[in-house]
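The values are calculated or read from the model by the stated rules, or taken from the named source; none is laboratory data. Since we're looking at a predicted model, the values are computed, not measured. Cβ placement follows ideal geometry from the backbone for every residue including glycine, while neighbour counts extend to all protein chains displayed.
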Amino acid sequence: MATSIFKEYFKGYEILGELGRGNARVLKARHMVSGEDRAIKHFAFNTDPVTLRRFQRESEIMKSIQHHHIVKIMEVHLDAELPYIVMQLIEGGDLRGLLRTHGTLDITTIIRLAFHMTEALHAIHEQAVVHRDVKPENIMYRRQADGSIHFLLTDFGIARLREQSENITVTGASMLTYDYASPEQFNQSRQVSAPTDYYSLGIVLYECLTGAVPFEYEQDDLLLHINRVIGSPIPSPHLPANRQLPPSLWQLLQGLLTKNPYDRITDPQKVRHLLRMAAFEDNQGMKTLPAQATRTHTIIYQPTPIPVKSGRQKDITFTALLLLGISGAVFFSWTFGKPADARPATSTIPQESSPSPSPVHTAALQTHTPELPPAPTHRSSNRSPGIQLPNGVFYDDFSDTASSAWDLGRDENSEFSLQDGKYVMTGMEDNISYSSSAPFNVNIQKDFTVSASTTHIGEGGNPFGINFCGNETRDAYYVFYITANGFYSIGRMVGGEWEPLVDWSPSTHIRPETAMNVLSVEKHDNSLRFLINDQLEDVVTFTGGYGNAFGMRVDGAQTIYFDQFIVKGNP
């Protein structure tokens, strides 16, 4: 049937073409008022009305869920003559297309996919929604400006609609569902719950690793397939040549693919932990390190404790260090603007309450203490003062390995390198903070912006972020920090003393663990605006900076990949 015939059924939309067919037909449409392109999924005229009413309730719940890893449902019209829903249009494609093109995905992309889908499943399960049909066709993706892939889950409840309709037979795309179905979907179909979705996610990850599902459904042999899914162990994955499976990723797969749903890994926190470990293991196995060394300068200070993100309040014992002094080093110098007198900055956005820290006491710093922001280490190199900003903008995508403005090299406790278009800062000690800064020809009394993309590798809890308005000679600078487990803080170092402006607070804008986060600081008049992933997080009063140094900071034993470092301003 021609697409034009369907226009009368979708009031307010111009139909632009067909995107695909499966359990339903998907059309590309343009909203005639907003001009926004959207996707319309419509079902058969003869779809069972009882089934549609059940799906209507679930769709309305999904319409209320706003999550950056879930394809947004905008309108639900299942009581129309031609039942349909209107969804956010994702132009990139689906995971099936990626696998069809590449066969398998690299470990980094698989870990990213697992993180994104875990967040999506967590969001829907909190609303008592079970997807029931997690598979590559129902995972959309789009490429970000930096080339990374953003995954989104779609088609909620379509499996229930298909299962309960008397008019749809199990053919075509439905067969793929058998490949991803959990044991309980075959022998306890009325008790399907959240563990089912995690099992299907495990099958998807297994296929991304190996290029094949562990148990492939063969047409007309459903009984054999069911017996294998219920009773046969998961085959050990065979990966492409020159690719190694991180132990923690294999542990996660085994936990997700456990036959008994009550024994299956379904705790998002545990999934995230294993993915963090897998990312760390993968990074350690692939990393090559530069040989040359650079100088470091260590300053010990009393740190501010970071709260542990948890579902319940905990007593946390924090450790601190005495101010021991400054070891000798040669700092680079440049001309700084005269700073205004420092006064306490005030937050203008109310903060959520966070766990109260225990009283700070003097003690030796223990290793692997993620609650503790470590002491700062400044690395210096010989640079010309005041990097120029052509047309008021400095942009570094770290692709120029010949003339980098940033520190490169390694010493006994840190490594700074350029890898695959990323600036990689690795700290090896938990009691040290590492920074790489450069002076820019920016008048900090005027408006300016600094931003950077960050990707965290390693165990979460230690802070990382961007420095700004700094003067290394005076040991004075501002920092915008986040942690991979969902907290942010704003503060400044003044003469070796750390002064928090916004203490550690939870943020819903921080993408989890190894996902990319974009940090931005915007000065406008006398205010500093702090954004995470383009979402305003906080505003503080700007009482004056210390210099025109901007850069990046990593605290403790972790690796951070920086990309797209941008400074905007005027001399």
Is it the case that the range 495-502 has a residue that's more than 14 Å from T454 (Cα to Cα), crowded, with 21+ Cβ neighbours inside 10 Å, among the aromatic types (F, W, Y) and assigned by TED's automatic domain parsing to the domain that holds R553?
no
So which residues in the range 119-148 are under 14 Å from H69 (Cβ atoms) and either buried (at least 23 other Cβ atoms within 10 Å of the Cβ) or outside the structural domain of A278 (by TED's automatic domain parsing) (or both)?
A120, L121, H131, V134, N138, I139, M140
Restricted to the range 403-441, and to residues that are part of a loop (DSSP other than H, G, I, E, B) and of a type in the set (S, T, Y), which residue is farthest from D146 (Cα to Cα)?
S403
Pick out, from the range 149-241, the helices (runs of 4 or more DSSP H) lying fully within it that include 3 or more residues that are at pLDDT 85 or above and surrounded by 22 or more Cβ atoms within 10 Å (Cβ to Cβ).
194-210
All but one of (1) in a helix (DSSP H, G or I); (2) closer than 15 Å to H131 by Cβ; (3) free of Cβ contacts under 8 Å to residues at least 60 places away in the same chain hold for I61; state the number of the condition that does not hold.
(3)
Looking at the range 245-255, can you tell me whether even one residue there is part of a loop (DSSP other than H, G, I, E, B), within 23 Å of the chain's Cα centre (by Cα) and either at pLDDT 90 or above or more than 20 Å from E119 (Cα to Cα) (or both)?
yes
Taking V450, is it touching a Ser or Thr at 6+ places or on another chain (Cβ under 8 Å), not assigned by TED's automatic domain parsing to the domain that holds V271 and not basic (K, R)?
yes
Within the range 385-442, which residues are surrounded by fewer than 15 Cβ atoms within 10 Å (Cβ to Cβ) and of a type in the set (A, V, I, L, M, F, W, C)?
V393, A402
